[in-house]
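Scroll down for the structure; my scribbles are underneath it.
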Amino acid sequence: MPTYFYLRFQSLECGVAAGVNDVPLVWDPGGRGAQTTRPINEWIMPAGNRLTVFVSWPEEKPYQPGKSSIRAMVFIHKQGEDLPTPGTVLAELEWPTPKRPEGYPQVISLPLNIDQPPPTPLWTTATPIGSVSPADRQTMLTTIESFRAALLGNNAEAAFQFVEGKYRDDAVAYAKPEARNREIALDAIKDMMELRGRSSAPLTEADALFDIVANGRLVRVSRRGNENAIVIRTDEGMRIDLPVYFAQIGGKWQVAR
């Protein structure tokens, strides 16, 4: 049976940014309250995995001590259960506590000791990234613009080519048949292309941010304000966010996540 890893997170009355291996999976700087339970197999590496939580007090709120709380857990799903259920707990955080008193800002990092990580090919094929040059940035922006244009078109196969490696890797991470995973991804792209009034602003060099994450194996490309690289809106008010992560494989930058 495949092993499924999950992050469960809940925060109240404090700003948070939380993730695994520097990949942001929870973002709530305004302290409105965050809650999620999500699979994270694709972010689990062969070694050196960590859960990191950055805590801050929201700038727009008057300071009120004693109101904030965070609960976080990384766990392996219990076999046989339909809903995400903790089997083996890899890391657990409750904040504040006497050992971790309330205070802002604060960074909490917990190791994730994983004996059998998913055999995801990316982590062994991607070249370690030391820095991102101006030429690298331009290559990534050009790829993102071509991908964005394809998504606004009507050829699902053309759009899927940009993320084919991502979904191939995803199939291994979650022990899913590759052909079926490809079919699901293509169907999702086709469904999006049927939405009327799609529009998307290009990602400009001035607005783009490039962050090296995943222990130096990925570059997260985003917009200022923690917006995703590609945001598609429709006339009906629907918003579709597409995060984009690049890896360098075989000397070329590829969309890997």
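Summary of computed values
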quantity	calculated
Segment 154-257: relative contact order as a whole-number percent, Cα under 8 Å and 6+ apart	23
Computed over segment 11-109: relative contact order in percent, which uses C-alpha pairs under 8 Å that are six or more apart	28
log₁₀ of I(q)/I(0) at q = 0.14 Å⁻¹ - the chain, Debye sum with one point per alpha carbon	-1.10
Relative packing of 122-132, 15-25, which averages over residues the other C-beta atoms within 10 Å, highest first	15-25, 122-132
Nearest-10 value in Å² for the accessible area of Asp169, using the 1.4 Å probe	10
Fraction of accessible area attributable to carbon and sulfur, segment 1-104 (%, probe 1.4 Å)	51
Dipole-positive endmost among Leu122, Gln35, Cys14 within segment 8-156 (Cβ charges, Cα centre)	Cys14
Computed [θ] at 222 nm, helices only, for the chain once each DSSP H run of length n ≥ 4 contributes -39500 (n - 2.57)	-6500 deg cm²/dmol
Dipole in debye (nearest 20) - the chain, about Cα centre, beta carbon charges: Lys, Arg +1; Asp, Glu -1	240
Lysines with Cα under 24 Å of Lys99, excluding same-chain neighbours fewer than 8 positions away	Lys67
The chain, relative contact order in percent, only Cα pairs under 8 angstrom and at least six apart counted	17
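The values are calculated or read from the model by the stated rules, or taken from the named source; none is laboratory data. Nothing here was measured: the structure is a model prediction, and the numbers come from that model. For neighbour counting, all protein chains shown are included, and Cβ atoms are generated from backbone atoms with ideal geometry for every residue, glycine included. For the accessible areas, the whole protein counts, side chains as well, though only heavy atoms, and no ligand, DNA or RNA atoms are used. Shrake-Rupley method; radii C 1.70, N 1.55, O 1.52, S 1.80 Å.
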